[in-house]
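A.B. asks: Dropping the structure in here first, questions after.
The values are calculated or read from the model by the stated rules, or taken from the named source; none is laboratory data. None of these values were measured; they are calculated from a predicted model. Counting neighbours? That spans all protein chains shown, and the Cβs are built from the backbone with ideal geometry, glycine included.
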Amino acid sequence: MIENEDWLVVGIITSSHGIKGKLNIQSLSDFKERFTKPGKRWVQKNAEEPIPYYLTSGCQKPGKESFIISLEGIKDKNEADNLKQHKLLVKSNDIPKLRDNEFHLNQLLDLDVKLQIENDIKVIGKVVDLMTENNNLIVIRLNKNNRNVLIPFVKEIVTVIDQKNNYLIIDPPSGLLDL
C-alpha cells in the first residue's frame with residue numbers, strides 16, 4: 001500500500017480512443033513527455049488509492065493540449081471507458097529539471113502574495129489554487145475579505161517570485177483586486 005506520498009495530477013482521462021484500449025488524456029502538464037515517454041504512471045479515481053500502470057506509448061493530438069496514450073493491461077474499449085474521469089498521476093518527486101528562474105506552477109501554491117502600496121510592501125493574501133486549462137491564472141485568497149480573485153500569471157503582473165522566502169509580488173492593473 002502506498003501511503004504518505006505526494007502526487008502530481010498531470011492529466012485527466014476524458015474518454016476511450018478506438019476499440020483497443022487507448023485513452024484520450026486532457027493534459028494538465030507543461031511536459032509532454034509525461035504522456036509520450038514510456039514508464040510508470042498511476043491512475044486515481046476520486047480520492048481512492050492510486051493504481052500503478054505502465055505507459056507503453058503516447059502521442060499528442062495535432063494542435064491540441066490532449067494526448068492519446070496506451071497503458072499496459074488496458075486492452076479494449078470497455079476497460080478504457082471504465083477509467084473515464086480518472087486522474088493520471090506521477091510522484092511529486094518526478095519533476096523534470098528546470099533552469100535557473102524556472103519553476104513548476106504547483107510550486108506557487110501557498111505562497112504569500114505581496115503588493116507594493118506606496119513605499120511599503122504588504123502581504124495581501126495567499127495563492128490557494130491554479131487554473132491552467134485555457135489560461136494560466138493563479139487564485140489568490142485576499143486577507144481583507146477572505147474572497148478569491150483570479151490573477152493572470154504573466155510577468156507584467158506577477159513581477160517577483162521568491163520561492164526561498166515563500167512569497168510572490170504582484171503589480172495588478174487598477175481594479176483587478178476589486179472584482
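A.B. asks: Across region 118-150, what is the number of residues that are in a strand (DSSP E or B), at pLDDT 80 or above and either among the acidic types (Asp, Glu) or closer than 20 Å to Pro173 by Cα (or both)? Steps first, please.
C.D. replies: At the first step, the residues of region 118-150 found to be in a strand (DSSP E or B) are 120-131, 137-142, 148-150.
Remaining after also requiring at pLDDT 80 or above: 120-129, 137-142, 148-150.
Cutting the leftovers down to either among the acidic types (Asp, Glu) or closer than 20 Å to Pro173 by Cα (or both) gives us 120-127, 129, 137-142, 148-150.
Total meeting the criteria: 18.
A.B. asks: Looking at this structure, is Phe67 within 28 Å of Asn136 (Cα to Cα), out of contact with any Lys or Arg (no Cβ under 7 Å at 6 or more places or on another chain) and modelled with pLDDT of 90 or more? Before the answer, list the steps.
C.D. replies: Values: within 28 Å of Asn136 (Cα to Cα): yes; out of contact with any Lys or Arg (no Cβ under 7 Å at 6 or more places or on another chain): no; modelled with pLDDT of 90 or more: yes.
Against the criterion (within 28 Å of Asn136 (Cα to Cα), out of contact with any Lys or Arg (no Cβ under 7 Å at 6 or more places or on another chain) and modelled with pLDDT of 90 or more), Phe67 does not qualify.
A.B. asks: Now for a different question. Specify which of the listed residues (Ile170, Ile161, Ile140) is β-branched (Val, Ile, Thr), surrounded by 11 or more Cβ atoms within 10 Å (Cβ to Cβ) and either assigned by TED's automatic domain parsing to the domain that holds Asp30 or touching a Gly at 6+ places or on another chain (Cβ under 6 Å) (or both).
C.D. replies: Working: Ile170 fails: either assigned by TED's automatic domain parsing to the domain that holds Asp30 or touching a Gly at 6+ places or on another chain (Cβ under 6 Å) (or both); Ile161 fails: either assigned by TED's automatic domain parsing to the domain that holds Asp30 or touching a Gly at 6+ places or on another chain (Cβ under 6 Å) (or both).
After ruling out the rest, the residue left standing is Ile140.
A.B. asks: So which residues in region 26-40 are of a type in the set (A, V, I, L, M, F, W, C), out of contact with any Pro (no Cβ under 9 Å at 6 or more places or on another chain) and either part of a loop (DSSP other than H, G, I, E, B) or closer than 14 Å to Asn82 by Cα (or both)? It would help to see each step written out before you state the result.
C.D. replies: Step one: of region 26-40, the residues of a type in the set (A, V, I, L, M, F, W, C) are 28, 31, 35.
Pick out the ones that are also out of contact with any Pro (no Cβ under 9 Å at 6 or more places or on another chain) and you get 28, 35.
Matches in region 26-40: Leu28 only.
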